[in-house]
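This report refers to the structure that appears directly beneath it.
The values are calculated or read from the model by the stated rules, or taken from the named source; none is laboratory data. In this text the structure is predicted, and so the values were computed from the model without any measurement. So basically every Cβ, Gly included, is an ideal-geometry build from the backbone, and we count neighbours across all protein chains shown. Just so you know, the surface numbers come from the protein's heavy atoms only, side chains and all, with ligands and any DNA or RNA stripped out. Shrake-Rupley method; radii C 1.70, N 1.55, O 1.52, S 1.80 Å.
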Amino acid sequence: MKRWIWLIVLAQLAVPALAQDEGGDGGFFDLSSLGNAANVAPEFDPVAEVRTMLARANVAPMDKKQESDLKKVYEKEIKVVAKTYETRFGVPLKEAMGALQTPSRGRRGGNSRRPDSPLVVEARRLSTLLLDKMIAGLRIDQQGPLRRHQSEQARIAKLNTLTNSLAVAGTPLSPAQLTEVEVILARESRLRTLLIVEAKGAPYQSQVVQLEAQTAERLVALLDPPQRTAYAATTASAGAPRTPRAPSRGIN
């Protein structure tokens, strides 16, 4: 039972990769025009994306040489993945990522793509992968504060999700519990920043998943039985996907 509950908590607290920098879009992504010469989506602008991330985090901006160097990194790396994506989906990767960067709003026709469609999910994954490699090329006084800002945004979102869900269910955290929750989430934020920076552009998602699993287990251990039950019920009523059975070698 304990394992099932903390898996629910982990699912509820997870923050999507692109939403972690306040830029995610919860609506429909209209990709119906991609590949149509008369109405082609703008190509993804990686330099503009990194520039925006730095500005949101109040980090020193890139100079012209940095922008030029990072654009070269992007062009080199995208050649490795673009052909496979286009073969699979029939859509140029740069255009698919461009649609994510500047999604259409208010167009909900039958050709719109949901954020969880394979085409969009893969474009989002690859754009995150490419941006990670670019961010790893920034100076440490830029990427460190940027990653710290992103981790703090994730921490705030998780804290709000947990406290609001329990309050609505009538089983709010006590002051002592809230203090412990803040310590647990601060630990995750700090370690998340370190492991992403130390990855130096290599994939780090599996390490983040492990870290979040540790956090979820600690949080569930802190809750009393009514709070655990209420939180699980709140998650289910919100329409969260059914939690899969935990693997035998998972966290006990």
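Quick one: count up the residues across the stretch 155-175 that are at pLDDT 95 or above and over 11 Å from LEU223 (Cα atoms).
3
Before we move on, is THR128 in contact (Cβ under 8 Å) with a residue 24 or more places away in the chain, open to solvent by 30 Å² or more (accessible area, probe 1.4 Å), out of contact with any Asp or Glu (no Cβ under 8 Å at 6 or more places or on another chain) and among the polar types (S, T, N, Q)?
Numbers: in contact (Cβ under 8 Å) with a residue 24 or more places away in the chain: yes; open to solvent by 30 Å² or more (accessible area, probe 1.4 Å): no; out of contact with any Asp or Glu (no Cβ under 8 Å at 6 or more places or on another chain): yes; among the polar types (S, T, N, Q): yes.
For THR128, the condition - in contact (Cβ under 8 Å) with a residue 24 or more places away in the chain, open to solvent by 30 Å² or more (accessible area, probe 1.4 Å), out of contact with any Asp or Glu (no Cβ under 8 Å at 6 or more places or on another chain) and among the polar types (S, T, N, Q) - is not met.
Filter the stretch 35-62 down to the residues that are at pLDDT 95 or above and part of a loop (DSSP other than H, G, I, E, B), then identify the one that is most open to solvent (accessible area, probe 1.4 Å).
Selected residue: ASN58.
Which residue pairs have Cβ atoms under 9 Å apart, sit 6 or more places apart or on different chains, and have a first residue in the stretch 54-78 that is over 23 Å from LYS94 (Cβ atoms) and a second that is among the small types (Gly, Ala, Ser) and open to solvent by 60 Å² or more (accessible area, probe 1.4 Å)?
Correct list of pairs: PRO61/ALA55.
Please go through the stretch 165-185 and pick out each residue that is open to solvent by less than 40 Å² (accessible area, probe 1.4 Å) and in a helix (DSSP H, G or I).
Looking only at the stretch 165-185, we keep the residues that are open to solvent by less than 40 Å² (accessible area, probe 1.4 Å), and these are 165-166, 171, 173, 177, 181, 184-185.
Within the stretch 165-185, SER165, LEU166, GLN177, VAL181, ILE184, LEU185 meet the criteria.
Scan the stretch 88-106 and report the pairs whose first residue is modelled with pLDDT under 80 and open to solvent by less than 30 Å² (accessible area, probe 1.4 Å) and whose second residue is outside any helix (DSSP H, G or I) and among the aromatic types (Phe, Trp, Tyr), with Cβ atoms within less than 6 Å and a gap of 6+ or a chain change.
PRO103/PHE29
Sort through LEU211, LEU162, LEU191 and tell me the only one that's assigned to a helix (DSSP H, G or I), open to solvent by 40 Å² or more (accessible area, probe 1.4 Å) and of a type in the set (A, V, I, L, M).
Numbers: LEU211 fails: open to solvent by 40 Å² or more (accessible area, probe 1.4 Å); LEU162 fails: open to solvent by 40 Å² or more (accessible area, probe 1.4 Å).
Matching residue, one of LEU211, LEU162, LEU191: LEU191.
In the set GLN150, GLN143, which member is under 20 Å from MET53 (Cβ atoms) and open to solvent by less than 10 Å² (accessible area, probe 1.4 Å)? Step through it out loud before you land on a result.
Working: GLN143 fails: open to solvent by less than 10 Å² (accessible area, probe 1.4 Å).
Criteria check complete, one pass: GLN150.
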